Amino acid sequence: MRIHGITVRAAALAAALTLTPLAAASTAVAGDEENYGNHHRPGRVTVSPSTVSPGGEVTLRVDVCRGKEAVGFSEAFAGDAWFGPSADRGELYAEARIRSDAEPRQYEIKVDCKDKENRHARGTVTVVHHKQRPHAPVSAGGGGTAEGAAEAGSAGPGTSQAVIGGALVSAAVLAFASHRVRRGRRTD
């Protein structure tokens, strides 16, 4: 009987640990909606390429604007980025040149839509200075590509992956506990 009590407590703890991140995530989403009130939530600026050298060009796209014009601003840009309708998609499109004296760091991009709702979009662009690529063989292999692979994998798991992992752990705890309870009944 003592094992059964421990099993029930373990199952309750596993359920609580699984449901806590879900409750926190739903609270955060509700809080975001309250912060904007009657205003629209900001859209997202898609930047390609997202990492660029000083003097380079980036392509910007926004899909939150309802009108046919928008203007984008960033400390990284040599001037304002004026958006117009994209020929291939139903979004607004612009090109922007990065200042030649831009420091290597991440810059925020703000876009103001020229529509009745005064919508906004935000994004980022990262300015980097060129690194010398090795000309001789290196121990990393691939001519220095290991450096880019290490940077790409540093983001870590997202919220959905953490919730799925928690659910799997909870299921494993419940399976183990039920196995122990059944095994305990057979020996009595």
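Is it true that some residue in segment 79-87 is in a strand (DSSP E or B), under 15 Å from Thr59 (Cα atoms) and open to solvent by 100 Å² or more (accessible area, probe 1.4 Å)?
Among the residues of segment 79-87, at least one is in a strand (DSSP E or B), under 15 Å from Thr59 (Cα atoms) and open to solvent by 100 Å² or more (accessible area, probe 1.4 Å), which makes the answer yes.
Quickly run through segment 105-130 and pick out the residues that are under 14 Å from Ser74 (Cα atoms) and loosely packed, with under 13 Cβ neighbours inside 10 Å.
If the condition is that a residue be under 14 Å from Ser74 (Cα atoms) and loosely packed, with under 13 Cβ neighbours inside 10 Å, then Arg105, Gln106 are the ones that fit.
Can you tell which of Ala162, Ala155 is of a type in the set (A, V, I, L, M), within 31 Å of the chain's Cα centre (by Cα) and modelled with pLDDT under 80?
The match here is Ala155.
In this structure, does Ala140 turn out to be at negative phi, modelled with pLDDT under 90, touching a helix residue (DSSP H, G or I) at 6+ places or on another chain (Cβ under 8 Å) and aliphatic (A, V, I, L, M)?
In short, yes.
The values are calculated or read from the model by the stated rules, or taken from the named source; none is laboratory data. All values derive from a computational prediction rather than experimental measurement. All Cβ positions, glycine included, derive from the backbone under ideal geometry; neighbour counts span all protein chains shown. Keep in mind that these areas ignore ligands, DNA and RNA; they rest on the heavy atoms of the full protein, side chains included. Shrake-Rupley method; radii C 1.70, N 1.55, O 1.52, S 1.80 Å.
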